[in-house]
Amino acid sequence: MKRFFICSAIFLLGLSTIQAQKKSELIEQNQDLKFKLDSISKMVSTSQRNEKLANQRSDEYQSQVTELQDANATLMKNLNSFAALSSQNSENINKTLATLERKEKQLKGITDAVASNDSTAVVVLTNAKQVLGENAKVGVTDGSVIISEKLDFFFADGVGLNPSNESKGWLENVAKVVNANPKSTITVASLNITGEMNIALQQAAAIASILIKDFGVNGERVIAVGQDGGLRESLQIKFQPDYKAFYDMAKGDVKN
C-alpha cells in the first residue's frame, strides 16, 4: 500500500512537471506569436502608410499629368494659331513684295518715259540747230523745245492771215525737224499784244495748214492755239512729249 502511494506521488509529481513544462512552452509560444503578431501589425501599418503615400503621390502625378496635358493642348493650339498667322503673314509679305515689284516696274516705266522725253528734247534741239542754223531762236522750256520767230516775219505788221512767201522757206525747214521727230506733238501758237485771240488763232491755224498741206506734217500731231503774248508778239512752234500716250501708259500701269 505504501508502495502504491509512493508510485502515485511519483506519477503526480511527473504529471505536474509535464504540465509545468507544457504551460511554460505555451507561454513561450504565446509570447512568440504575440511578437510575430506585433511584427505583422507593424508591417501592415507600414504597408498601409506606404499605400497611403503611394496613393497621394499617384494623385499628385495624375494631377501633374492632367496639367501637362492641358499645357500641351494649349501649346498645340497656340502653335497652330502661330502657324496660321505665320502663313498669313508670309502670304501678305509675298503680296506686298509683288505689289512693290509691280510699282517698281511702273516707276521704272515712268522714269524711262521721262528720260526718253528728255532725250527726245535733246535730239529735237540738236536737229533744229542743224537745220535752222546756230542763230535760230530755239530753246527748251518745261521739257518742250520751242522754235520762235517774230510775228511780223510771217504776217505784215503782225496782222493779216496770209503768211509771207519768205516765211514758207523757214516753215519748210521747221517741217523737216517735225518729220524727223515723229514722237513729239506740235503746238503752233500765235502770241499777240492786241488781245484779239480770234485773229491769233486764225494765224496759228494758217501756219499749221502750211506745215500739213505743203510739207507733209501729220495733221493729228498738230494743234493751233492763239495766246496773249503780253508785251511781245511772236509765233512759236512747240515740240512737246506725247502726254496722252504717257498718260495712257501710266493709267494702264495703275490699273494693273
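None of the figures in this text is laboratory data; all of them are computed from the coordinates on show. Please read these numbers as outputs of a predicted model, since none were measured by experiment. Note that we place each Cβ from the backbone using ideal geometry, even for glycine, and neighbour counts take in every protein chain shown.
Quick notes
- Per-peptide average of other Cβ atoms within 10 Å, ordering 121-128, 213-220 highest first: 121-128, 213-220
- Positive contributions from Lys and Arg (+1) and negative ones from Asp and Glu (-1), summed over other residues with Cβ under 13 Å from the Cβ of Phe155, come out at -4.
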